[in-house]
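Since the structure comes first, as C-alpha cells, the remarks are kept for the end.
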Amino acid sequence: MGADDQKTESGQLPDYYPTVARDVTAFCGSRPGVWLDLGSGAGGLGLAILERAPGCTMALVDPSAEALSKALASADRRGLRRRTVAIVSPAERLPLPDESVDTVVSRGSFYFWPDRAQGLREVWRILRPDGRAMIGGGLGREYPQWARREFIRRRRESVAAKGPEAERRFAEARKPETFDRLAVEAELPSFEVVGEGGLGPEHPNAGIGVWLRIRKENP
Ligand SMILES: C[S@@+](CC[C@H](N)C(=O)[O-])C[C@H]1O[C@@H](n2cnc3c(N)ncnc32)[C@H](O)[C@@H]1O
C-alpha cells in the first residue's frame, strides 16, 4: 500500500509536523544549536524538530501562556522537556539579545502577527551570523497527497463559512507576493520566498505552502 492509500478510518488526518520538520531541517540543517519556534502554539513543530536534531535545544515562543503549558506537557510526555524552554512573547518584541539564536522556525503563525514586518526585523536581529530561518505555513513536501487535498478542502470550507472578506484575507496573507512585500518592508538584507501558497485542493502542490527562507551570512 502506498502512502497515498493509507487513509485513516477515523477521518483524522496524519500528523504533518514530522513532514514539515523534514523540510525545515533540509534547509536549516540539524547541527547542535539553539532553535526558536516562533508562534509555537502547543509545540507540534518545535518538538518534531527536536526529535530529528538530537544536539539542539528549542525555545518555544508564543503570546499564549496556555498554549505553552500544553507544549511543555507534551515535551514531558515525549522525553524532550530538558531540551525545551518556553517564553511568553509576541514575535514583534522578542526578549532575547542580538545574535543569540542559531535557527528560527515559524509555521502557521506569521499570518496572525499584528505587525509582520516588525516580527521579521526581530527574527533577523536575534539570528546569529550563519543562522537560518524558515517562516510560513504548509504541511510538508512528503505529506501524503490524499491528506493534503482533504486538509485543504476542510480548511477552505471553514474559511468560506466566515464570509467573503475572511476568504479574501486568508488568500492575501498566503500569497508569495505578500511574503515578498513584508520582507522588503522589513529591509531584510537577504531572503527568498518558496512555494506557491493558498492553492486549491486539487492542485498537485497544494499543502506545500509558502515559506520565507532567510540565511544570515557570516560577514
Ligand atoms: C494556528 S496557530 C499555529 C501554532 C503552531 N505553530 C502550529 O503549527 O501548530 C498560531 C499561533 O500563533 C500565535 N500568535 C498569534 N499572534 C502572535 C504574535 N504576534 N507573535 C507570535 N505568535 C503569535 C498564536 O498564539 C498561536 O499559537
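Just so you know, all these numbers are worked out from the coordinates, no wet-lab data involved. Remember, it's a predicted structure, so these values are computed and weren't measured experimentally. No Cβ is skipped: glycine too gets one built from the backbone with ideal geometry, and neighbour counts run over all protein chains shown.
Can you work out D for segment 64-134 in µm² s⁻¹ from Stokes-Einstein, where Rh is the Kirkwood radius over C-alpha pairs, the temperature is 4 °C and the viscosity is 1.567 mPa s?
97
Please list 3J(HN,Hα) in residue order for segment 30-35, calculated via the Karplus relation 6.51 cos²θ - 1.76 cosθ + 1.60 where θ = phi - 60°; whole Hz, with x for glycine and proline.
9, 5, x, x, 9, 10
Where does the chain land at 222 nm, in deg cm²/dmol rounded to the nearest 500, when only DSSP H runs of n ≥ 4 count, each adding -39500 (n - 2.57), divided by all residues?
Details: 7 runs with 81 residues, N = 219.
Helix contribution divided over all residues of the chain: -11500 deg cm²/dmol.
So what's Rg/Rh here for segment 145-219, counting alpha carbon atoms and using the Kirkwood radius for Rh?
1.07
Between Glu150 and Ser89, what length in nm is gained on full extension when 0.36 nm per residue of separation is reduced by their alpha carbon distance?
Net length gain for the segment: 18.7 nm.
Counting only Cα atoms, I'd like the Rg/Rh figure for segment 51-90, Kirkwood definition for Rh.
Details: Rg = 10.1 Å, Rh = 10.3 Å.
Taking Rg over the Kirkwood Rh, I get 0.97.
For a Förster distance of 25 Å, can you work out the FRET efficiency between the beta-carbons of Asn205 and Glu172, rounded to the nearest 0.05?
The formula returns an efficiency of 0.85 here.
Residues with amide H under 5 Å of Cys56's amide H, sequence separation 5 or more or different chain, H placed in the peptide plane at 1.01 Å from N; which?
Here the answer is Gly33, since their amide H atoms fall under 5 Å of that of Cys56.
Charges on Cβ only, +1 for Lys and Arg, -1 for Asp and Glu, centred on the Cα centroid of segment 13-216; of Leu80, Ser109, Ala133, which one is farthest towards the dipole's positive end?
Among Leu80, Ser109, Ala133, the one farthest towards the positive end of the dipole of segment 13-216 is Leu80.
Out of all Cα-Cα pairs in segment 1-154, roughly what percent, to the nearest whole number, are more than 25 Å apart? Before the final figure, lay out the partial values.
Details: 3409 of 11781 pairs.
When all Cα pairs of segment 1-154 are counted, 29 percent exceed 25 Å.
Could you give the length gained on full extension between Arg52 and Lys162, defined as 0.36 nm per residue of separation minus the Cα-Cα distance, in nm? List each step's numbers first, then the result.
On the way: separation 110, 0.36 × 110 = 39.60 nm, distance 3.73 nm.
Length gained between Arg52 and Lys162: 35.9 nm.
Among Ile214, Pro176, Met58, pick out the residue whose Cα is farthest towards the positive end of the charge dipole of the chain, where Lys and Arg carry +1 and Asp and Glu carry -1 on C-beta, about the Cα centre.
Of the options given, the answer is Met58.
Let me spell out the model: positive unit charges on the Cβ of Lys and Arg, negative unit charges on the Cβ of Asp and Glu, origin at the Cα centre of segment 13-216. What dipole size does that give, in debye rounded to 20? Please list the in-between numbers first.
Values: 32 positive and 27 negative charges, 103 e Å.
For this selection, approximately 500 debye.
In whole Hz and in residue order, list the ³J(HN,Hα) couplings for segment 155-167 that follow from phi through the Karplus curve 6.51 cos²θ - 1.76 cosθ + 1.60, θ = phi - 60°; x for Gly and Pro.
These are the phi-based 3J(HN,Hα) values: 4, 4, 4, 6, 6, 4, 5, 8, x, x, 5, 5, 5 Hz.
³J(HN,Hα) across segment 207-219 via Karplus (A = 6.51, B = -1.76, C = 1.60, θ = phi - 60°), whole Hz, x for Gly/Pro?
Ordered by residue, 3J(HN,Hα) equals x, 5, x, 9, 9, 9, 10, 10, 10, 9, 5, 5, x Hz.
For the residue pair Tyr111 and Asp76, what label-to-label distance in nm results when each label sits 7 Å from Cα along the Cα-to-beta-carbon direction?
3.2
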